[in-house]
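> This structure is in structure tokens; I'll ask about it shortly.
The values are calculated or read from the model by the stated rules, or taken from the named source; none is laboratory data. Model, not experiment: these values are computed from the prediction. Every residue, glycine as well, gets a Cβ built from its backbone with ideal geometry; the counts of neighbours run over all protein chains shown. Areas reflect the complete protein model, heavy atoms only, side chains present, ligands, DNA and RNA absent. Shrake-Rupley method; radii C 1.70, N 1.55, O 1.52, S 1.80 Å.
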Amino acid sequence: MNLDTRSIDAATLAHLQTWAGRTETLRDDITAAPVRGLSATLDRDDPAPAPGTALPPLWHWLYFLPRQRQSEIGPDGHARRGGFLPPVPLPRRMWAGGRLQWHRDNPLVVGDAVKRISRIESVTHKTGRTGDLVFVQVKHEVHNAKGLALSEEQDIVYRAAAQPHDPVPPPVAAEKGAAWQREIVPDDVLLFRYSALTFNGHRIHYDRKYVTEVEGYPGLIVHGPLIATLLVDLVRHHAPGAFIQSFNFKAVRPTFDLHPFRLNGQPSANGKSVKLWAQDHEGWLTMQGTAELA
């Protein structure tokens with residue numbers, strides 16, 4: 001499939017939109033080893049996860065991982081286009097954001113046998129400053145033996161390849177004076193470890209030659225899910241007894257491994273929610289989100 005196009009014609013879009021409504025069901029087991037691995041990667045000092053240990057928010061991304069054979073991997077390190085997700089003929093693919101809700105009376109725990117039912121909710125097209133954009137919204141529902149434990153919507157965006165004279169979107173300044181802050185140094189070891197834990201072969205996170213020469217970015221890209229996980233971990237650190245019942249987030253600007261970045265959290269006056277955001281070394285907003293607490 002040619003992934004050099006910068007535009008989507010009506011016939012291609014109509015074909016891609018036939019994916020809406022498609023479903024996929026996967027099964028997995030919540031095992032302890034990935035939990036130990038992510039705890040170490042996030043620099044946490046957690047006790048060893050025993051059967052029945054609750055899975056922290058967003059750590060379900062350690063499961064239901066892609067298992068394509070090596071011969072089925074595309075040039076960007078992802079699985080070749082098609083299958084459950086539509087074969088969008090644009091080369092740059094990013095996770096743009098999501099919305100999640102946890103069920104307090106039915107947490108996912110180590111030892112659970114789980115099932116994820118996924119559905120393509122929509123395939124939409126927009127025209128941006130640098131060409132066409134295609135947004136794919138996917139809904140996941142994760143069940144254990146007791147029933148529904150987690151609902152999630154993911155927004156995936158596909159973009160045209162970068163060109164030398166593409167306009168650069170204006171950055172947004174991050175807010176100042178957050179009550180909670182943490183600085184992260186996103187070296188390539190951190191990015192490798194998270195890629196390995198999530199079985200993510202996307203070259204933009206570890207292949208510097210590919211990400212700079214093919215996709216046109218200045219450095220390795222820090223995973224959006226990793227930043228989201230770190231933002232939620234900021235809440236866990238400062239409000240350890242709170243139950244996070246929902247989390248919404250949106251990626252605003254890529255974060256690269258070239259400089260440290262900062263996580264910020266500002267709890268509401270009533271303590272029922274936390275405004276969260278990440279910023280780069282220049283103070284530009286890179287991700288924003290809100291965690292609702294119970």
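> Go through the residues of region 41-63 one by one and say whether even a single one is under 18 Å from Phe199 (Cβ atoms), open to solvent by 30 Å² or more (accessible area, probe 1.4 Å) and outside any helix (DSSP H, G or I).
As a first pass, look at region 41-63 and keep what is under 18 Å from Phe199 (Cβ atoms): 41-42, 55, 58-63.
In the following step, the residues that additionally are open to solvent by 30 Å² or more (accessible area, probe 1.4 Å) were identified as none.
The answer is no; no qualifying residue exists.
> Going through Ala179, Ala173, Ala162 one at a time, which residue ends up being out of contact with any Phe, Trp or Tyr (no Cβ under 8 Å at 6 or more places or on another chain) and touching a residue at least 40 places away in the same chain (Cβ under 8 Å)?
Result: Ala179 is the single residue among Ala179, Ala173, Ala162 that is out of contact with any Phe, Trp or Tyr (no Cβ under 8 Å at 6 or more places or on another chain) and touching a residue at least 40 places away in the same chain (Cβ under 8 Å).
> Right, next: For region 155-189, give me each residue that is farther than 19 Å from Asp280 by Cβ, of a type in the set (Val, Ile, Thr) and not assigned by the TED database to the domain that holds Gly82. Before you say what the answer is, go through the steps one by one.
So in region 155-189, the residues farther than 19 Å from Asp280 by Cβ come out as 155-161, 163-167, 179, 189.
From what is left, the residues that are of a type in the set (Val, Ile, Thr) are 156-157, 189.
Residue satisfying the conditions is Val189 alone.
> Now, a different point. Among all residue pairs at least 6 apart or on different chains, which show Cβ distances below 8 Å where the first residue, located in region 88-106, is within 30 Å of Leu293 (Cβ to Cβ) and the second is outside any strand (DSSP E or B) and among the aliphatic types (A, V, I, L, M)?
Close Cβ pairs (under 8 Å, with a partner that is outside any strand (DSSP E or B) and among the aliphatic types (A, V, I, L, M)) amount to Gly98/Ala228; Leu100/Leu58; Arg104/Ala294.
> Just to be sure I understand, how many residues within region 88-113 are of a type in the set (Phe, Trp, Tyr) and either under 9 Å from Leu150 (Cα atoms) or in contact with a Pro (Cβ under 6 Å, 6 or more places away or on another chain) (or both)?
Going through region 88-113, the residues of a type in the set (Phe, Trp, Tyr) turn out to be 95, 102.
From what is left, the residues that are either under 9 Å from Leu150 (Cα atoms) or in contact with a Pro (Cβ under 6 Å, 6 or more places away or on another chain) (or both) are 102.
So the answer is 1.
> Counting only residues that are open to solvent by less than 10 Å² (accessible area, probe 1.4 Å) and basic (Lys, Arg), give me the helices (runs of 4 or more DSSP H) lying completely in region 171-271 with at least 2 of them.
Values: elements: 188-197, 208-213, 224-238.
Here the list is empty.
> Evaluate the following for Gln279: is it buried (at least 22 other Cβ atoms within 10 Å of the Cβ), farther than 23 Å from Leu55 by Cβ and in the same structural domain as Gly224 (by the TED database)? Talk me through it step by step, then tell me what you get.
Details: buried (at least 22 other Cβ atoms within 10 Å of the Cβ): yes; farther than 23 Å from Leu55 by Cβ: yes; in the same structural domain as Gly224 (by the TED database): yes.
Yes; evaluated as a whole, the condition is true for this residue.
> Across region 64-83, which residue is most open to solvent (accessible area, probe 1.4 Å) among those that are among the basic types (Lys, Arg) and over 26 Å from Ala113 (Cβ atoms)?
Ranking the candidates gives Arg80 first.
Condition check ((1) more than 22 Å from Gly37 (Cβ to Cβ); (2) open to solvent by 20 Å² or more (accessible area, probe 1.4 Å)) across all residues:
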| residue | (1), (2) |
| --- | --- |
| Pro86 | yes, no |
| Arg92 | yes, no |
| Gly111 | no, yes |
| Ile117 | yes, yes |
| Val136 | yes, no |
| Ala161 | yes, yes |
